Amino acid sequence: MNIKFLIVGAALCLYLALSHSRGWLLFSTLGSRHGASPGPRGAGLFHK
Amino acid sequence: VQTYECPNCSGAVPFHASTIFTVCSFCRSMVLREGVDVKLIGKVASLPPDISPIQIRTRGKFGETGFDVLGRVRLQWSLGAWNEWFIQFDDGTKGWLAEAQGFYMVSREKPASELPPGQEFKAGRNVSLGGMMMTIADVKEAKVAGCEGELPFAATPGRQSTTVDLTGPNSAFASIEISGDEMRYFAGRYCHFSELSLTNLRPIPGWFGNLPLAHETGIQAINCPKCNAAVSLKAPGQTVTVSCPSCGTILDVADNRVGVIHAAVEKLNIKPAIPLGTRATLFGTEYEAIGFMQRADGPYTWFEYLLFNPHHGYTWLVNYEGHWNYVERLLETPDSTLSKTIHDGVEYTLFLRGTAKVRYVVGEFYWRVEFNEKAQTADYIAPPYMLSSESYPELREITWSRGRYMESDAIAEIFGVKDQLREPVGVYMNQPNPWASAGGSLGWTTALLLAVLVAIQIFSVARARNELVADKDFTYVAGGSNTIAAIEFEVKGGRQPVAITSVAPSLNNNWMEIAYELQAIQTGESRHFVEGLEYYYGSDWSEGRRKKTSVLPAVAPGKYRLLVEAAADPQMPQANYRVQVQTDVPVWRNFVICLALLLAYPLYRYARARSFENQRWAQSDYDTSGQFVSEDDEE
């Protein structure tokens, strides 16, 4: 059981290190990518 | 070895240098050696059958010294009998191998002058012998019941003596024999059968691959004085109490005259879950269940099975509410205080004190079972082990035993009684905590992973540049054009989180919404989000915030343009707001989530382990350090 826990824990440590080096944010969908902006600059701006 | 002619039958009677008395193996004459002559001093009857594995010419080892068994004296006292085997060591010295109740004790004779002078021998007293503090375990009047082989004294049947047995630390054993004016002193220690490396043992019928004897001629059979039914003994020579399988009368067979201890207990016709006669191998040794008793302490009752092996003696299985313990008697007395006991380097904590009374017995036992006798018990625990002491104030005798918790399923499997044992109820005093990690390994693993996680976080936070790349003020005008403003900045290095902070310091009971679009100038890739700011308040309350920060994840390096467009409460004519952009900001969110995920399992285990321990100790009158807790304190 402890081996499994050690593996999961090590994976979490690895994830944290990777997230820092890649700039990831866990559970964040803020500003999810839109692809290339169409047309004139600003045309894709979102309004509520 | 000198060989003489038996004065009675002329058969050869050998004498070792250490012996002066022998029983002729042909005619059972007792022959005494006096100088160079031998003389006949009578005849001795054959010894009653017993289950001892030792015989004349058995060879063994005590420590590094080999020995030969030359003779035996069988001694009898009011509550049983035991064998004293006379042994000669390879170094020419002589000693005794005592065999009683499945225990073996090896001792050598010491000069009686070593005994403290003027000592009165009473059970329970401490005596300093050979620089060691020994306790007098018992004092009993014994007489020679029979003998065989060669001996260093004339062991004529009926010879009486007072025997004082003493026990001490590290299995130390001593015995003082007082016969008339003569006092002899023997010192040695308790031994396990296996450490004596005995060879040339007597074959025991029905054990160790030997064929059993026919029932009628069993090792020993007696007749019940109540119903005349045959009662065969599984451990003759050692058994003192046996129940008649036919009428249930409890019989005393200590001195070959069968007496009645107790009439049959008819109301309690309890059927043992493990039938008597069942054999099973426990921890490498085959045992037979030969006795079963129910004992009680007030309303609490439990069952005890007596297990027997002719070589290894007796052990117990104790069953309470579906929980099982394998119990071995200890050869030594553990170091004990009121609340703690130490044995084999393990510290045990006091859990319960009580009394135990026998309520029901069936089978055979190596002591005289008394129904009305109350034993004072104390249980100390170090799961999965427990140490128990039983003392009989009248006998001034304290016995110690060590129990080892066994799973009910394992007992069922070992004894072949699957589906016949009840499920364990609750938590037993020495039941291992299934949620506790072995040796705290989970705790160490958690600490290690936590340290790594914290180190990664500290390193990353320290390394983050947290660079302010844009800081710009805007003004929102209601109904105005509010053209889309743009902020340009550059993200340097690798992919990184970028924080955008929106501040509207003049918000008073109204709201503002700022829409952002981040455009990568080289690729045209864009991301957008909306930040809502609102701030409402009264005389004693407020809600919402005038400043908010959003972090965009994994922004690739390159040049960026941030488009900003504000909307606001239509009632607000004008508002100033400010936008700040910081690149490579330190991030805590991932750390907090990883930390929560990492600690979830150990915390769950810890909570379950605590709950298990609480259930365990709720049944104790003591706290976890062995201190008495009164009922008032518990509430």
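The values are calculated or read from the model by the stated rules, or taken from the named source; none is laboratory data. What you see is a predicted model, and the numbers here were worked out from it, not measured in a lab. In this analysis, Cβ positions are derived from the backbone assuming ideal geometry, glycine residues included, and neighbour counts consider all displayed protein chains.
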*Could you tell me whether residue B:427 is more than 12 Å from every other protein chain (Cβ to nearest Cβ), out of contact with any Pro (no Cβ under 6 Å at 6 or more places or on another chain), part of a loop (DSSP other than H, G, I, E, B) and of a type outside the set (Ser, Thr, Tyr)?*
yes
_Please go through segment B:447-483 and give me each residue that is more than 9 Å from chain A (Cβ to nearest Cβ), among the hydroxyl-bearing types (Ser, Thr, Tyr) and either assigned to a strand (DSSP E or B) or touching a residue at least 12 places away in the same chain (Cβ under 8 Å) (or both), ordered by number._
B:475, B:476
*Hey, residue B:524 hits all of (1) over 60 Å from the mean Cα position of the chain (by Cα); (2) at pLDDT 95 or above but one; which does it fall short on?*
(2)
*asked:* Checking the conditions here, which among B:341, B:333 is part of a strand (DSSP E or B) and among the polar types (S, T, N, Q)?
replied: B:341
*Considering only residues of segment B:1-26 that are assigned to a strand (DSSP E or B) and among the polar types (S, T, N, Q), which is modelled with the lowest pLDDT?*
B:2
_Test: residue in segment B:359-369 that is of a type in the set (Asp, Glu) and under 14 Å from the mean Cα position of the chain (by Cα)_ = no
*Quick one: which of B:321, B:347, B:407, B:423 is surrounded by fewer than 16 Cβ atoms within 10 Å (Cβ to Cβ) and free of Cβ contacts under 8 Å to residues at least 60 places away in the same chain?*
B:347
*Across segment B:30-62, which residue is nearest to residue B:207 (Cα to Cα) among those that are touching a Leu at 6+ places or on another chain (Cβ under 6 Å) and surrounded by fewer than 20 Cβ atoms within 10 Å (Cβ to Cβ)?*
B:53
*For residue B:572, which of the numbered conditions (1) facing chain A (nearest Cβ under 10 Å); (2) touching a strand residue (DSSP E or B) at 6+ places or on another chain (Cβ under 8 Å); (3) not hydroxyl-bearing (Ser, Thr, Tyr) fails to hold?*
(1)
*Could you count how many residues in segment B:347-403 are part of a loop (DSSP other than H, G, I, E, B), more than 30 Å from residue B:232 (Cβ to Cβ) and among the basic types (Lys, Arg)?*
1
*Given the residues B:109, B:120, which is the only one that is under 20 Å from residue B:162 (Cβ atoms) and not in a strand (DSSP E or B)?*
B:120
*Those residues of segment B:118-142 which are surrounded by fewer than 14 Cβ atoms within 10 Å (Cβ to Cβ) and within 30 Å of residue B:25 (Cα to Cα), in sequence order*: B:141
*Filter pass, residue B:98 being closer than 15 Å to residue B:237 by Cα and either part of a helix (DSSP H, G or I) or in contact (Cβ under 8 Å) with a residue 60 or more places away in the chain (or both)*: yes
*Hey, among B:148, B:120, B:114, which residue is charged (D, E, K, R) and under 26 Å from residue B:399 (Cβ atoms)?*
B:120
*List every residue pair whose Cβ atoms lie under 9 Å apart, where the two residues are 6 or more positions apart in sequence or sit on different chains, the first residue falls within segment B:60-72 and is on the phi < 0 side of the Ramachandran plot, and the second residue, located anywhere, is of a type in the set (S, T, N, Q) and outside any loop (DSSP other than H, G, I, E, B).*
B:60/B:199; B:67/B:88; B:68/B:88; B:69/B:88; B:70/B:22; B:70/B:88; B:71/B:22; B:72/B:83
_Top-ranked residue in segment B:476-513 [being β-branched (Val, Ile, Thr) and more than 18 Å from residue B:536 (Cβ to Cβ); ranked as nearest to the chain's Cα centre (by Cα)]_ = B:498
*Can you tell me which residue among B:518, B:507, B:453 is surrounded by 14 or more Cβ atoms within 10 Å (Cβ to Cβ), closer than 30 Å to residue B:608 by Cβ and in contact with a Phe, Trp or Tyr (Cβ under 8 Å, 6 or more places away or on another chain)?*
B:453
